[in-house]
1. Which chymotrypsin sites (Phe, Trp or Tyr not before Pro) in the range 209-276 sit in a loop by DSSP (not H, G, I, E or B) and have at most 10 other Cβ atoms within 10 Å of their own Cβ?
2. Let me spell out the model: positive unit charges on the Cβ of Lys and Arg, negative unit charges on the Cβ of Asp and Glu, origin at the Cα centre of the chain. What dipole size does that give, in debye rounded to 20?
3. How big is D for the range 163-279, in µm² s⁻¹ as a whole number, if Stokes-Einstein is applied with the Kirkwood radius of its Cα pairs at 37 °C and 0.692 mPa s?
4. To the nearest µm²/s, what D does Stokes-Einstein give for the chain at 10 °C and 1.306 mPa s, using the Kirkwood radius over alpha carbon pairs as Rh?
5. Return, for the Cα atoms of the range 111-235, the radius of gyration and Dmax in Å, separated by a comma.
6. Once amide H atoms are placed 1.01 Å from N in the peptide plane, what residues at a sequence separation of 5 or more from Tyr204, or on another chain, have their amide H within under 5 Å of its amide H?
7. On the Cα set of the range 244-334, report Rg and Dmax in Å, please.
8. Enumerate the calculated ³J(HN,Hα) couplings along the range 139-151 in order (Karplus 6.51 cos²θ - 1.76 cosθ + 1.60, θ = phi - 60°), each rounded to whole Hz, writing x wherever the residue is Gly or Pro.
Amino acid sequence: MNAEPSFPTLRMRRLRYNAGVRSLTRRTRLHPGSLILPLFVRVGENIRQEIGSMPGQYQLSIDQLIEEAKEARDLGLGGVILFGIPDEKDHQGSDALHAGGIVQQAVAAVKNAVPNLLVLTDLCMCEYTDHGHCGILHDQAGLTDVSNDPTLEYLGKQAVTHAEQGADVIAPSGMMDGMVQAIRSALDGAGFAHIPIMSYAAKYASSYYGPFRDAAESAPSFGDRRTYQMDPTAQAEQALREVELDVQEGADMLMVKPALAYLDIITRVAQTYPGIPLAAYNVSGEYSMVKAAAANGWIDEARVVDETMTAIHRAGAGIILTYWAKDVARRVCS
Ligand code: PBG
Ligand code: ZN
């Protein structure tokens, strides 16, 4: 740094005095192949039901899901991640465990219709349980809470049913201790040793998930998720311990979630594990806030979105899960 000249020899504005110089010196470029589009699938036919709190996002029946999947492929997206909304929810989340379940059918249909599109599945219990929690409940010390170890067995079975229908990547989002290990050994035991796990490794108990819970109809019927999702007020190093646990258990890819309020965590995980692909989830609340402001004419949606994507990449996430994946890809390709 000492060798740097100073003003007036040094003029930083020379590096941006015209569009050509700015383009030449650009380091962060958006690319469709780095983006994953989340999609919500429900039972039925010809359903394309807009989600009230997420304008431009839909609950889709499988026929409509396939149309989205084709678009995702044509735009060159990195993949789609599927969330299932079953017709019947029960205490045990039974719909999640068999080939006839909504997400299993959706995976099979997408892989059949659009074989070259990468399909990830979100793996959790909250979309399937009538109580909306991410695991099996038990009573402990007068409190009802998610019981960690019985949930692991369930997640392992669920993962195998996804892989059997052709899921390319399994993405567990429940923040159970040991979930990656349990899923890895279930997959390996069923002949799916080649299927990677993208772990929601540092997932915070965030208020930014509000609109998603409308979309997936998965709000907890009582309490909250603070005994399993991370505490935003804890020291940042706790995220590194969470990530380390998943790395030791065999996670192939990592995720930090949400993105914007946790850019510091993204950077620290990226710097600590530079050899492991890192994703960030630009979540529903981050989407809806921008949509609402744009609808009021208060901000320029396209420019805000591109700036946001740039920030998440620059922080260190090479992969972004975002509801804007198609919009960004269209802009990049046009
Ligand atoms: C399920 C899950 C959630 C999200 C992704 N997977 C909701 C939650 O944990 O309550 C949130 C995604 C979003 O807000 O866009 N565990
Ligand atoms: Zn969940």
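1. On the way: sites: Tyr209, Phe212, Phe222, Tyr228, Tyr262; in loops: Phe222, Tyr228.
Here the chymotrypsin sites (Phe, Trp or Tyr not before Pro) that fit, given the DSSP loop and packing criteria, are Phe222.
2. Numbers: 29 positive and 40 negative charges, 429 e Å.
The dipole magnitude comes to about 2060 debye.
3. In µm²/s, the coefficient rounds to 218.
4. Working: Rh = 20.7 Å.
Answer, rounded: 77 µm²/s.
5. 15.2, 50
6. Amide H neighbours of Tyr204: Met230, Lys257.
7. Final numbers for Rg and Dmax: 14.3, 47 Å.
8. 9, 9, 6, x, 10, 8, 8, 6, 8, 4, 5, x, 5
Bear in mind that the values in this text are calculations on the coordinates, not laboratory data. What you see is a predicted model; the values in this text were computed from it and never measured. Positions of Cβ are generated from backbone atoms using ideal geometry, with glycine treated the same way; all protein chains shown enter the neighbour counts.
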